[in-house]
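Below is one structure, written out as structure tokens, with a few remarks after it.
The values are calculated or read from the model by the stated rules, or taken from the named source; none is laboratory data. Because the structure is a prediction, the values reported are computed rather than measured. Because the Cβ atoms are built from the backbone with ideal geometry, glycine has one as well, and the counts that use them run over all protein chains shown. Ligands, DNA and RNA are stripped out before the accessible areas are found, and what is left, the full protein with its side chains, is counted by its heavy atoms. Shrake-Rupley method; radii C 1.70, N 1.55, O 1.52, S 1.80 Å.
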Amino acid sequence: MTEPQKDPLVLFMPSGRRARFAKGTPVLEAARQLGVYIESVCGGRGICGRCQIEVEEGHFAKHGISSSPAHLTGVTEAENRYSEKRVLAAGRRLSCQALVDGDLVVDVPQDVQINRQIVRKRAETRHIERDPATRLCYVEVEEPDMEKPLGDADRLLQALSGEWQLENPRIETRLLPDVQRLLREGEWKVTCAVHDDGDGPLVTAIWPGFHNIACGIAVDIGSTTIAAHLSSMLSGRTLASAGAPNPQIRFGEDLMSRVSYVMMNPEGRAAMTKAVREAVGQLIAQLVSGAGVSQEDVIEATFVANPIMHHLFLGIDPTELGGAPFALAVSGAVAFPARDIGLPVNEGARVYVLPCIAGHVGADAAAVTLSEGPHRAEDITLVVDVGTNAEIVLGNKHRLLAASSPTGPAFEGAEISGGQRAAPGAIERVRIDPETLEPRVKVIGGEEWSNEDGFDKVMEDVGVTGICGSGIIEVVGEMYLAGIIDEDGVIDGRLAETSDRIQASGRTFSYLLWRGGEAARSQEIKILQTDIRAIQLAKAALYAGVRLLMDKLELESVEAIKLAGAFGSYIDPKYAMLIGLIPDCRLDKVKGVGNAAGTGARMALLNRGHRREIEEVVRKIEKIETALEPRFQEHFVAAMAFPNKAHAFPHLAEAVKLPARKVLAEAEGGGRRRRGGRRGTR
Ligand code: FES
């Protein structure tokens with residue numbers, strides 16, 4: 001007796017989802033049934049080209065599948081027509097046309113490019129699976145008939161429901177006056193933007209005929225900079241990125257001074273809201289014109305920001321965030337039509353603002369969490385976004401804590417005598433010879449160290465103008481290693497006898513890092529005792545915050561550290577650990593993760609599942625208010641020392657020969673707690 005023939009097995013990559021499907025099933029349909037997102041604008045008519053796939057050739061032993069492009073039915077008329085007009089790359093098929101005819105391993109490529117005027121401006125680093133809240137749906141609508149007195153809009157909704165399996169679609173009342181004109185203009189064919197973020201499908205925009213462009217904007221509103229990314233909602237590509245200074249700076253340099261401005265000036269809140277919205281509007285205009293698309297094509301936008309920026313953007317008075325209990329007006333995600341705040345995008349576009357974690361830990365930290373995914377990992381991960389206020393998230397998939405710590409602006413170069421923002425000419429790397437105490441430096445904008453051939457050219461090009469955050473951390477770390485400062489951060493004046501780099505400055509001493517000189521843009525740069533103190537205060541605040549969270553999880557060390565933000569990307573993990581900014585960890589497990597807040601905003605833009613994911617994580621995350629914790633002060637005092645007065649740094653000690661330390665009160669007592677343990681996190 002012959003065995004009954006099994007249906008072909010179809011496996012989708014990269015998701016790995018698989019199932020058996022009857023021969024003759026369109027690949028697009030198989031994908032839908034498995035929840036694999038493949039874009040389709042034309043509803044399977046073979047005209048939009050969004051549904052492209054590739055079939056792998058070969059035997060995949062792990063999956064038990066012998067796959068071949070020949071296991072699809074032949075190329076259809078529609079595919080031939082499509083490739084006459086547009087380029088269908090070799091090996092690609094339209095999944096709405098190709099039918100399953102044997103076992104398949106199907107690859108869903110991430111680079112489906114239809115409109116050639118759209119260019120990729122920036123390397124894409126993250127694959128984000130797409131399932132956007134708004135999508136384009138092309139429909140052909142029945143013409144009116146005396147026998148059937150159904151309205152034009154009703155027939156449009158009927159067509160959407162039939163062709164796109166939309167349940168009870170609705171249409172924005174705002175669009176009703178245009179429906180008849182648009183249907184006739186498009187000869188009864190239209191493309192609708194349909195928004196469905198869990199509240200039922202709603203038509204938010206209509207184009208006559210076939211429309212094949214849809215974009216979204218992801219924006220990170222920082223206190224100093226606003227960064228925005230324009231993505232294709234159809235391919236997921238980032239089409240353009242741009243940044244601009246936050247114009248609210250004119251109302252106050254830091255967050256608290258902006259809150260004070262609102263408190264002191266009756267018109268302050270409105271003026272700051274207007275300023276930030278206008279700046280966002282200008283960025284959007286710049287992005288769409290750079291990418292060669294229209295503002296009308298922007299149908300979704302996501303926003304992340306710290307709590308005060310979040311409130312001001314939404315037009316909410318941030319005064320309550322200025323003091324305990326730091327009450328947020330709204331902490332959950334906020335969604336509304338973009339026209340409510342006058343953004344220059346399609347009138348039907350929708351805005352989604354990610355949730356805030358706490359009064360000090362904003363939607364930007366939520367976006368960083370979404371991007372770095374400590375809640376998806378087994379390893380205990382510390383995620384730190386270092387800014388004037390460091391936002392800290394610690395834990396794993398079983399338990400997650402969040403807090404913020406007031407680090408102040410020292411790491412951004414403020415409050416440091418020779419400090420400056422990271423810009424060409426700023427010292428970013430420092431090495432000090434422990435014998436001679438002579439330094440060598442590298443500046444932003446130059447490749448060579450100051451003792452190498454070619455540095456003359458660097459001096460000509462950018463000069464040496466100051467020291468930025470990463471340089472400050474390195475110089476302090478190197479001064480500690482060279483014995484110029486002791487573990488309490490005191491500059492050793494006795495060294496002045498042997499090195500002219502150590503100089504008396506009033507009752508304390510300083511270290512001459514750069515002599516300055518004749519050349520233009522060659523400033524003398526000294527590290528003063530007060531600079532060392534400012535760094536100690538900043539790093540102790542961050543470390544104490546982290547340590548409090550570690551206490552809660554009963555941890556002695558963490559398994560991975562991710563440093564978010566521009567600063568986090570440039571600091572050398574070894575030096576960050578050496579000065580005790582972050583706790584001990586395997587050095588290869590400490591990584592700068594760049595603009596994680598922007599990545600999180602893009603994830604929420606391109607996939608509504610990520611919105612539900614972060615909403616749930618934020619609900620569950622435990623919020624710790626560092627100011628209220630009795631042990632904060634104790635940790636802070638211990639963390640003033642280099643690297644720390646109370647805690648051992650065994651992983652660091654393996655990588656760097658640390659100077660002998662006077663006191664290590666709890667180092668031996670570390671055994672009382674579990675090193676890298678996870679009690680309480682399962
Ligand atoms: S769905 Fe449009 S071409 Fe296949």
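Observations, loosely collected:
- Residue that is nearest to D297 (Cα to Cα), among those in segment 122-157 that are modelled with pLDDT of 95 or more, away from the ligand (no atom under 16 Å from the Cβ) and surrounded by 16 or more Cβ atoms within 10 Å (Cβ to Cβ): T134
- Only residues that are open to solvent by 20 Å² or more (accessible area, probe 1.4 Å) and under 24 Å from F642 (Cβ atoms) were counted across segment 438-481, and they come to 5.
- Out of A566, A560, A639, sole residue that is crowded, with 24+ Cβ neighbours inside 10 Å and of a type in the set (A, V, I, L, M): A639
- Highlighted here are the strands (runs of 3 or more DSSP E) found entirely within segment 165-278 that include at least 2 residues which are of a type in the set (S, T, N, Q): 225-232, 238-245.
- When the residues of segment 364-412 are filtered to those that are hydroxyl-bearing (S, T, Y) and surrounded by 22 or more Cβ atoms within 10 Å (Cβ to Cβ), the one that is nearest to G469 (Cα to Cα) is T407.
Yes/no matrix, rows are residues, columns are (1) open to solvent by 60 Å² or more (accessible area, probe 1.4 Å); (2) over 30 Å from P406 (Cα atoms); (3) assigned by TED's automatic domain parsing to the domain that holds R602:
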{"site": "E253", "(1), (2), (3)": "yes, no, no"}
{"site": "S260", "(1), (2), (3)": "no, no, no"}
{"site": "G268", "(1), (2), (3)": "no, no, no"}
{"site": "M272", "(1), (2), (3)": "no, no, no"}
{"site": "G281", "(1), (2), (3)": "no, yes, no"}
{"site": "S289", "(1), (2), (3)": "yes, yes, no"}
{"site": "N306", "(1), (2), (3)": "no, no, no"}
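- Qualifying residue in segment 545-565 (condition: closer than 30 Å to A240 by Cα and not in a strand (DSSP E or B)): yes
- Put simply, of L321, L312 the only residue that is open to solvent by less than 40 Å² (accessible area, probe 1.4 Å), closer than 14 Å to V280 by Cα and not in a strand (DSSP E or B) is L312.
- The strands (runs of 3 or more DSSP E) found wholly in segment 1-109 and carrying at least 3 residues that are within 13 Å of the ligand (Cβ to nearest atom) and either closer than 22 Å to S235 by Cβ or not hydrophobic (A, V, I, L, M, F, W, C) (or both) occupy 92-94.
- The set of residues in segment 413-437 that are acidic (D, E), open to solvent by 70 Å² or more (accessible area, probe 1.4 Å) and modelled with pLDDT of 90 or more contains only E435.
- Contact annotation: residue pairs with Cβ atoms under 7 Å, 6 or more positions apart or on different chains, pairing a residue in segment 40-53 that is open to solvent by 10 Å² or more (accessible area, probe 1.4 Å) with a partner that is within 6 Å of the ligand (Cβ to nearest atom) and not hydrophobic (A, V, I, L, M, F, W, C), are R50/S40.
- When I357 is tested against (1) crowded, with 24+ Cβ neighbours inside 10 Å; (2) in a strand (DSSP E or B), exactly one condition is not met: (2).
- Taken as a whole, the condition of being in contact (Cβ under 8 Å) with a residue 40 or more places away in the chain, charged (D, E, K, R), out of contact with any strand residue (DSSP E or B) (no Cβ under 7 Å at 6 or more places or on another chain) and not in a loop (DSSP other than H, G, I, E, B) does not apply to R155.
- Flag for E163 being within 16 Å of the ligand (Cβ to nearest atom), open to solvent by 10 Å² or more (accessible area, probe 1.4 Å) and of a type outside the set (G, A, S): yes
- Condition check for S231: of a type in the set (G, A, S), open to solvent by 40 Å² or more (accessible area, probe 1.4 Å), within 20 Å of the chain's Cα centre (by Cα) and assigned by TED's automatic domain parsing to the domain that holds D340: no
- All positions within segment 54-103 that are more than 20 Å from G16 (Cβ to Cβ), in contact with a Phe, Trp or Tyr (Cβ under 7 Å, 6 or more places away or on another chain) and buried (at least 20 other Cβ atoms within 10 Å of the Cβ): L94
- In this structure, V119 does not satisfy being buried (at least 19 other Cβ atoms within 10 Å of the Cβ), at pLDDT below 85 and either touching a Lys or Arg at 6+ places or on another chain (Cβ under 8 Å) or not assigned by TED's automatic domain parsing to the domain that holds E57 (or both).
- A single entry from L437, L495, L512 fulfils the requirement of being assigned to a helix (DSSP H, G or I) and over 20 Å from P573 (Cα atoms): L495.
Quick grid of which residues meet (1) open to solvent by 30 Å² or more (accessible area, probe 1.4 Å); (2) assigned to a helix (DSSP H, G or I); (3) β-branched (V, I, T):
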| position | (1), (2), (3) |
| --- | --- |
| Y575 | no, yes, no |
| G580 | no, no, no |
| D584 | no, no, no |
| K591 | yes, no, no |
| A597 | no, yes, no |
| G600 | no, yes, no |
| H610 | yes, yes, no |
| A627 | yes, yes, no |
| Q633 | yes, yes, no |
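- Checked against (1) within 23 Å of F60 (Cα to Cα); (2) surrounded by fewer than 19 Cβ atoms within 10 Å (Cβ to Cβ); (3) at pLDDT below 90, V36 meets all criteria but (2).
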